[in-house]
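Asks: Pasting a structure here, questions to come.
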Amino acid sequence: MIFGLAAVNCQKSQTEHKFNGPPAVTILSPAEGEVLSGPDVTVKFKLKNFVAYEGGPHLHLILDDNPYISYEKSVEPYSFTNVHPGAHALRVFLTKPSGESYKNPEAFAIVNFYVQQNTEAPLFDLQKPILTVNLPHTGYYKGWVGDRIEFDFLLKNIRLSEDGYHIHYILDGLPYDVYKYEPVFWDNARRIGTHHLTVQLLDGENKPVTGNPYLTVKRSFIVVE
């Protein structure tokens, strides 16, 4: 699948609904710690102050550390197929038409669950820091002159600061640090070809944060003409 880079132009072309409060999502099923028979897992959720539709705002669903599923329906459940036995985690969050995530806490939800057996510890400790890298996704982007690629991430149970926790990433061998909870737009990643990204959550002493999986994320994406 090939995606365009012009997030701003995409967003301007959409008409978003107006609500009085922040967008919110609640995962109704699976429940936290639930043991499912599998191998298929049906996800049910509840939305507030948010409507998903084709070409507009939508949801991203992440099972464990797999690439996100873009889901453009507000009511119908979504089913993951052939989920292997053991411990799993589901992350669901709300996005703008461009795919950029909403940053208010209510727009992100996570649950641990099991398929067939619960002999393992939960995948995530829900009281410790959680990092989710949303964009760029693994795959292909179509590049046009002047477009930028967006680096977008979500955080739970942690706050960024100049002298504390921060995001450290390496893009094509060059290191960068992010101290604000907002997306970053890359001009230097629109070059045609393959790009490599490593993202880490670091503490105030520049040491990797521990306590949960996927606090270091590696992925590649390809820009084509």
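The values are calculated or read from the model by the stated rules, or taken from the named source; none is laboratory data. Just so you know, these numbers come straight off a predicted model, no measurement behind them. When we count neighbours, we look across all protein chains shown, and the Cβ atoms used for this are built from the backbone with ideal geometry, even at glycine.
Asks: Report, by residue number, each residue of segment 97-122 that is touching an Asp or Glu at 6+ places or on another chain (Cβ under 8 Å) and either of a type outside the set (A, V, I, L, M, F, W, C) or in a loop (DSSP other than H, G, I, E, B) (or both).
Replies: Correct list: P97, S98, G99, E100, S101, K103, N112, Y114.
Asks: Applying the selection to segment 175-187, what residues are of a type outside the set (V, I, T) and modelled with pLDDT of 95 or more? Outline the logic, then answer.
Replies: Taking segment 175-187 and keeping what is of a type outside the set (V, I, T), we get 175-177, 179-183, 185-187.
Correct list: P175, Y176, D177, Y179, K180, Y181, E182, P183.
Asks: Same structure, new question: What single numbered condition from (1) in contact with a Lys or Arg (Cβ under 8 Å, 6 or more places away or on another chain); (2) in the same structural domain as P39 (by TED's automatic domain parsing) fails to hold for L154?
Replies: The failed condition is (2).
Asks: Take the conditions closer than 30 Å to H84 by Cα, outside the structural domain of P85 (by TED's automatic domain parsing) and loosely packed, with under 13 Cβ neighbours inside 10 Å and apply them to K207. Does it pass? Before the answer, list the steps.
Replies: Working: closer than 30 Å to H84 by Cα: no; outside the structural domain of P85 (by TED's automatic domain parsing): yes; loosely packed, with under 13 Cβ neighbours inside 10 Å: yes.
So K207 fails the test.
Asks: Next question, about the same structure. Looking only at segment 95-147, filter to residues that are within 21 Å of K73 (Cα to Cα) and among the β-branched types (V, I, T); which one of those is farthest from the chain's Cα centre (by Cα)?
Replies: Per the stated criteria, the residue is V111.
Asks: OK, next. Do any strands (runs of 3 or more DSSP E) lying entirely in segment 143-215 carry at least 3 residues that are in contact (Cβ under 8 Å) with a residue 60 or more places away in the chain, and which ones are they? I'd like the intermediate steps shown before the answer.
Replies: Values: elements: 149-156, 166-171, 174-178, 184-186, 193-202.
Per the criteria, 149-156, 193-202.
Asks: In segment 33-58, what count of residues is obtained for those that are closer than 22 Å to V133 by Cα and part of a loop (DSSP other than H, G, I, E, B)?
Replies: Here the count works out to 5.
Asks: Regarding K218, is this residue within 17 Å of the chain's Cα centre (by Cα) and more than 23 Å from K103 (Cβ to Cβ)? Walk me through it before giving the result.
Replies: On the way: within 17 Å of the chain's Cα centre (by Cα): yes; more than 23 Å from K103 (Cβ to Cβ): yes.
Yes: the conditions hold for K218.
Asks: Condition check: surrounded by fewer than 12 Cβ atoms within 10 Å (Cβ to Cβ) and within 16 Å of A24 (Cβ to Cβ). Does V51 satisfy that?
Replies: On the way: surrounded by fewer than 12 Cβ atoms within 10 Å (Cβ to Cβ): no; within 16 Å of A24 (Cβ to Cβ): yes.
Taking the combined requirement at face value, the residue does not satisfy it.
Asks: Does segment 194-210 contain at least one residue that is acidic (D, E) and over 19 Å from K96 (Cα atoms)?
Replies: Yes, segment 194-210 has at least one match.
Asks: Another one. Go through segment 18-53 and give me each residue that's modelled with pLDDT of 95 or more and closer than 16 Å to K96 by Cβ. Show your work before the answer.
Replies: Taking segment 18-53 first, the residues modelled with pLDDT of 95 or more are 22-37, 39-53.
Once the filter is applied, which keeps residues that are modelled with pLDDT of 95 or more and closer than 16 Å to K96 by Cβ, segment 18-53 yields P22, P23, A24, V25, L47, N49, F50, V51, A52, Y53.
Asks: May I pose another question? Out of the residues in segment 59-91 meeting the condition of being of a type in the set (F, W, Y) and not in a loop (DSSP other than H, G, I, E, B), tell me which one is farthest from E120 (Cα to Cα).
Replies: Step one: list which residues in segment 59-91 are of a type in the set (F, W, Y), which gives 68, 71, 78, 80.
Pick out the ones that are also not in a loop (DSSP other than H, G, I, E, B) and you get 71, 78, 80.
Working: Y71: 29, Y78: 25, F80: 21 Å.
Checking each candidate, the answer is Y71.
Asks: Residue by residue through segment 71-98, note down the ones that are of a type in the set (S, T, N, Q) and at pLDDT 95 or above.
Replies: Residues of segment 71-98 that are of a type in the set (S, T, N, Q), as a first pass: 74, 79, 81-82, 95, 98.
Passing the criteria: S79, T81, N82, T95.
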